[in-house]
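Okay, structure first, notes after.
The values are calculated or read from the model by the stated rules, or taken from the named source; none is laboratory data. Note that this is a predicted model, so its numbers are computed, not measured. No Cβ is skipped: glycine too gets one built from the backbone with ideal geometry, and neighbour counts run over all protein chains shown.
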Amino acid sequence: MDQVIETFKKADCVCFDVDSTVCTDEGADELAAFMGVGEQVANLTNQAMGGSMTFRESLEKRLDIMKPDRSTLQKFVTSRPPSLTSGIKELVKRLQDKQVVVYLVSGGFKTIIEPVADSLLIPRENIIANEFIFNDDGSYKDFDRNAPTSASGGKCRVIEQLKASYSTIVHIGDGVTDMEASPPADAFIGFGGNKVREAVKKESKWFVMSFDELLKVL
């Protein structure tokens, strides 16, 4: 644990997962509930996060159920402000004050995450997430299958790319896919403030239940 704390203190880049980490909820589940298919989609999210289905399979199945069009997405985003986890604003500000670059790395969707980044004063170009593809009439066509975050192991690929620009990267998140991002991340911090995933709690060298624990060491 001490080694992870030291790495966190000297990091020049910190990556956060979004769903159930920076935010208290899962964006795709909330969108599904908004569209009236909440329960089916939440089951698939849990299967993916628990490791019983590949992330790509879960993503395909969830979007096949939802098929969100552009106008539905717009209504969804404007109708609900981000549900930020307690302490995240203070933590991001402290990191930025120390000249640490903060990224949001998510298997969720950029359109849904943009208001989250805005509220944390994180530049939108620091969001690395999935993107919807629409037909000309605005109806749902597909998701960008080339996005690294659209498949299992995507967060590893993202952090590998970021390593070219930063010397010490720490990744923080609640899920198995987050834990798998270290290495290449120099350290991983497991977060259980919204959901405790037993595999993550068991395997993390440093597992925290609140962002205050991270603020205390900076």
Subject >> Filter result for Ile127 (touching a Lys or Arg at 6+ places or on another chain (Cβ under 6 Å), more than 30 Å from Thr7 (Cβ to Cβ) and either β-branched (Val, Ile, Thr) or free of Cβ contacts under 8 Å to residues at least 12 places away in the same chain (or both)) >> reply: no
**OP:** From (1) surrounded by fewer than 17 Cβ atoms within 10 Å (Cβ to Cβ); (2) at pLDDT 95 or above; (3) farther than 15 Å from Val92 by Cβ, pick out the condition that doesn't hold for Ala187.
**Re:** (1)
**OP:** Test each condition in (1) surrounded by fewer than 16 Cβ atoms within 10 Å (Cβ to Cβ); (2) basic (Lys, Arg); (3) in contact (Cβ under 8 Å) with a residue 24 or more places away in the chain for Lys201 and report the one that comes out false.
**Re:** (3)
**OP:** Considering each of Ile172, Ile122, Ile113, Ile128 in turn, give the residue that is assigned to a helix (DSSP H, G or I), at negative phi, surrounded by 14 or more Cβ atoms within 10 Å (Cβ to Cβ) and modelled with pLDDT of 95 or more.
**Re:** Ile113
Subject >> Conditions (1) under 23 Å from Glu30 (Cα atoms); (2) in contact with a Leu (Cβ under 6 Å, 6 or more places away or on another chain); number of the one not met by Leu214 >> reply: (1)
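Collect the residues in the stretch 1-30 that are part of a helix (DSSP H, G or I), farther than 17 Å from Leu104 by Cβ and among the hydrophobic types (A, V, I, L, M, F, W, C), keeping them in residue-number order.
Listed by number, the residues that qualify are Val4, Ile5, Phe8.
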Subject >> Among (1) closer than 19 Å to Tyr140 by Cβ; (2) modelled with pLDDT of 95 or more - the single one Thr45 does not satisfy >> reply: (2)
**OP:** Select from the stretch 139-161 the residues that are among the aliphatic types (A, V, I, L, M) and surrounded by fewer than 20 Cβ atoms within 10 Å (Cβ to Cβ) and list them in ascending order.
**Re:** Ala147, Ala151
Original post:
When only residues in the stretch 1-24 that are of a type in the set (Ser, Thr, Tyr) and surrounded by fewer than 23 Cβ atoms within 10 Å (Cβ to Cβ) count, which is nearest to Ser182 (Cα to Cα)?
Top reply: Thr7
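For the stretch 183-212, which residues satisfy the criterion of being small (Gly, Ala, Ser), over 19 Å from Ile127 (Cα atoms) and part of a loop (DSSP other than H, G, I, E, B)?
Gly192, Gly193, Ser204, Ser210, listed by residue number.
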Original post:
Of the residues that make up the stretch 52-68, is at least one surrounded by fewer than 22 Cβ atoms within 10 Å (Cβ to Cβ), in contact with a strand residue (DSSP E or B) (Cβ under 8 Å, 6 or more places away or on another chain), under 21 Å from Asp174 (Cα atoms) and among the polar types (S, T, N, Q)?
Top reply: no
**OP:** For the stretch 83-110, name all the residues that are within 19 Å of Ile159 (Cβ to Cβ), within 11 Å of the chain's Cα centre (by Cα) and buried (at least 21 other Cβ atoms within 10 Å of the Cβ).
**Re:** Tyr103, Leu104, Val105, Ser106, Gly107, Gly108
